[in-house]
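One structure below.
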């Protein structure tokens, strides 16, 4: 909202009046046409790269340019609402920065801000690269609901930055606290108070600081998802999977739904079928299509709910659970959870049922980790589960998924998969030409017959590896130009 009212302002208070208006933006890559802020250039044009520092926008809304004739001030006219806190912090701490911008009719359009080291200004926070880290986090965030008052090389990458010290966490809260969900922002303030307090034990302070570091290093994104190209999605599916047209159709339907609503579907996918039929491969393909990080939960190895929910801070060796670790490793709240062997989820060992914990994750209402002690938003989580037997899955869990049955491959499909996918893939990895390793039609029939009673294609992939390795051995040791396997050769090789 504009705040240009200077009426009835005493002269000694005039500089305390904000002179800029804020605008809401979700632009992730600022340009001169879509800048971070506009500075007044009516008195003089500013250089493409300009040096200086912000004065505290809460007291005087300007930038002090370091020019040949000394310091020259220019008012801030407009500012991206996401950057109000950061610019205030830069001004309060007298941080020297370099602006990159372009003179336009409406002002000097600033699209890049970088820290510089001159004039004895305060160092940015407790760690190098804080400004670049902050700007990247702010650009990745959505515009706050409530407004509050390409030519460089070798720039620091914010993603390598981690908020670990109390000072850097405090600075982050001052600069970008408004980008956090309300409950996490309040939680962070409480934990900062505990981490600084001398009225609690050192152990409590250590746990509070560790929890803060974990939470602040996650980009808590909105539940808005960009459109996905269905053609590219289909190309990825065809590249990863042979056949399975019904499965591909269901996934493309999901993509089209996301494109229309810009949100994830209310239900995840449950892929049910025999071992080796490519269920996990489908899940990884979907994560690739959605362009989201992914993590796996192997339910066969989880027998205690605490492995998922973490342990209470009352214990000296307390730590977050696997689910919170997944958010931390991904660095963002939008991700694909691949839950392997969901039919093993009910196998608890006296301390509760891990399946009950999954229900809270799958409901997209929020998940609470016992160590973090804060409700984690899960609206950006897309679960994809795999199982061999859906009869072993409880009804409440089943109701959280759209179920897709994955059938086993027929003999004809296995022939095509072996000849067109499995063997060529192995040959490429071994740097062999296709003509160096061939099978006769009878050999292929023998190979497929050998695994007629096994489900999936893992045995075929292992057979391709064995056959290619034998061909390579003959080429290198016996100095033959190529190897053609007949039925007897294959039978002898796979005995």
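Values in this text are rule-based calculations from the coordinates and carry no lab data. Everything quoted here is computed from the prediction, not taken from an experiment. Using ideal geometry, Cβ is built from the backbone for each residue, glycine included, and neighbour counts are taken over all protein chains shown.
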_Can you sort 134, 398 from fewest to most other Cβ atoms within 10 Å of each residue's own Cβ?_
398, 134
*In nm, give the distance between the simple-model label positions of residue 66 and residue 198, each being 7 Å from the Cα along the Cα-to-Cβ direction.*
3.8
_Relative packing of peptides 444-453, 383-392 - highest average C-beta neighbours within 10 Å first_ = 383-392, 444-453
*What's the FRET efficiency of residue 42 with residue 281 using the Cβ-Cβ distance as r and R₀ = 56 Å, to the nearest 0.05?*
0.40
*What's the extension gain from residue 495 to residue 474 if we count 0.36 nm per residue and subtract their Cα-Cα distance?*
5.7 nm
_Estimated FRET transfer efficiency (residue 410, residue 260; beta-carbon r; R0 56 Å; 0.05)_ = 0.95
_Just to be sure I understand the model, the point goes 7 Å from the Cα along the line to the Cβ. What's the resulting residue 318 to residue 34 distance in nm?_
4.3
_For a protection proxy built on the mean count of beta-carbon atoms within 10 angstrom, sort 197-204, 40-47 highest first, please._
40-47, 197-204
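May I ask you to derive the FRET efficiency for residue 182 and residue 430 from their Cβ-Cβ distance with R0 = 60 Å, giving the value to the nearest 0.05?
For residue 182 and residue 430, the calculated efficiency is 0.60.
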*Residue-span extension gain [residue 174 to residue 453] - 0.36 nm each, minus C-alpha spacing*: 94.1 nm
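Fewest to most neighbouring Cβ within 10 Å: what's the order for 215, 375?
Numbers: 215 24, 375 16.
Ranked by crowding around the Cβ, least crowded first: 375, 215.
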*Which order do 182, 298, 408 fall in if you start with the one that has the fewest other Cβ atoms within 10 Å?*
182, 298, 408
*Output the antiparallel fraction of DSSP beta bridges having both residues in the chain, as a percent to the nearest 5.*
55
_Using the basic label-point model (7 angstrom from Cα toward the beta carbon), what is the residue 234 to residue 481 distance in nanometres?_
4.2
